[in-house]
Amino acid sequence: MSVERIPKDVRARYRWKEWNHAVAILTSDFSVEFDDIMYCLREFTLTPADILTPGGRKSVIAEKIDGLFRSRNWAEKGFDIQILVDGQSIPTPTHKIDNFKNRIGVEVEWNNKTEFYDRDLNNFRLLRELRVLSVGVIITRISEFQQEFKRLGVPKKYGASTTHWDKLIPKIEGGGSGGCPLLVVGIGFDCYDPDA
């Protein structure tokens, strides 16, 4: 794995896993986007207030991370894809990517239903096959946070069946992203300031 190419200070704060040389591609061909990702991960801090604040369409945590990417000129991106068969246009809808810049897509999955992982992985696979995405990145939480949620008395919204590391990795290892180069970043306790 080329995870060693990730700066040590950032590497130490998160859990990492890559497929199909994602880090090598990022550092070699998309160094500006790689630097943006490292900046956002350096700047992010998780607090108890973030965890305890009720979410709407998106959690406060996902909004916080997306805001860091917006500050680096990343944007939510949808794709208008149609396949032409014998002159007949067949729409091929895809899901919007949370953060997109120059062929790199970053999805933030803090606390959704695990089906959102299937959606993200399938989207990355399709966009890679259509040559509009070079690397997909998923930022999610490590599974060990479940104990901290219990300690904080967090409502059941953070159930074991929501998006976290142990739910994502088997989906990828089962081929969910096809051949798309993929980097998974796990938000861990080194990102967490329990006294903030």
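The values are calculated or read from the model by the stated rules, or taken from the named source; none is laboratory data. Since the structure is predicted, the reported quantities are computational estimates derived from the model, not experimental observations. Don't worry about glycine lacking a Cβ; one is built from the backbone with ideal geometry, like all the others, and counts go over all protein chains shown.
There is at least one residue in the range 53-61 that is within 29 Å of residue 23 (Cα to Cα), β-branched (Val, Ile, Thr) and either in a helix (DSSP H, G or I) or touching a residue at least 12 places away in the same chain (Cβ under 8 Å) (or both).
Under the condition of being under 17 Å from the mean Cα position of the chain (by Cα), under 20 Å from residue 124 (Cα atoms) and of a type in the set (D, E, K, R), the residues counted in the range 50-109 number 9. In the range 1-25, the qualifying residues are those that are touching a residue at least 40 places away in the same chain (Cβ under 8 Å) and in a helix (DSSP H, G or I), and the one that is surrounded by the most Cβ atoms within 10 Å (Cβ to Cβ) is 22.
Only one entry in 150, 167 is over 30 Å from residue 31 (Cβ atoms), free of Cβ contacts under 8 Å to residues at least 12 places away in the same chain and basic (Lys, Arg), namely 150.
Tallying residues that are part of a strand (DSSP E or B) and of a type in the set (S, T, N, Q) within the range 101-141 yields 1.
Farther than 18 Å from residue 112 by Cβ, in a loop (DSSP other than H, G, I, E, B) and at pLDDT 85 or above: does that describe residue 183?
no
Looking at the range 122-143, which of the residues that are in contact with a Ser or Thr (Cβ under 8 Å, 6 or more places away or on another chain) and basic (Lys, Arg) is nearest to residue 163 (Cα to Cα)? Filtering the range 122-143 for residues that are in contact with a Ser or Thr (Cβ under 8 Å, 6 or more places away or on another chain) and basic (Lys, Arg), the one nearest to residue 163 (Cα to Cα) comes out as 141.
Taken over the range 142-174, the criterion of being modelled with pLDDT of 90 or more and part of a loop (DSSP other than H, G, I, E, B) is satisfied by 174 alone.
Quick check: anything in the range 26-45 in contact (Cβ under 8 Å) with a residue 24 or more places away in the chain, under 24 Å from residue 153 (Cα atoms) and not small (Gly, Ala, Ser)? Among the residues of the range 26-45, at least one is in contact (Cβ under 8 Å) with a residue 24 or more places away in the chain, under 24 Å from residue 153 (Cα atoms) and not small (Gly, Ala, Ser), which makes the answer yes. Applying the condition of being of a type in the set (Asp, Glu) and at pLDDT 85 or above to the range 76-129 and asking which residue is farthest from residue 40 (Cα to Cα) yields 86. Take residue 130 and decide whether it is surrounded by fewer than 16 Cβ atoms within 10 Å (Cβ to Cβ) and without any contact (Cβ under 8 Å) to a residue 24 or more places away in the chain. No: the conditions fail for residue 130.
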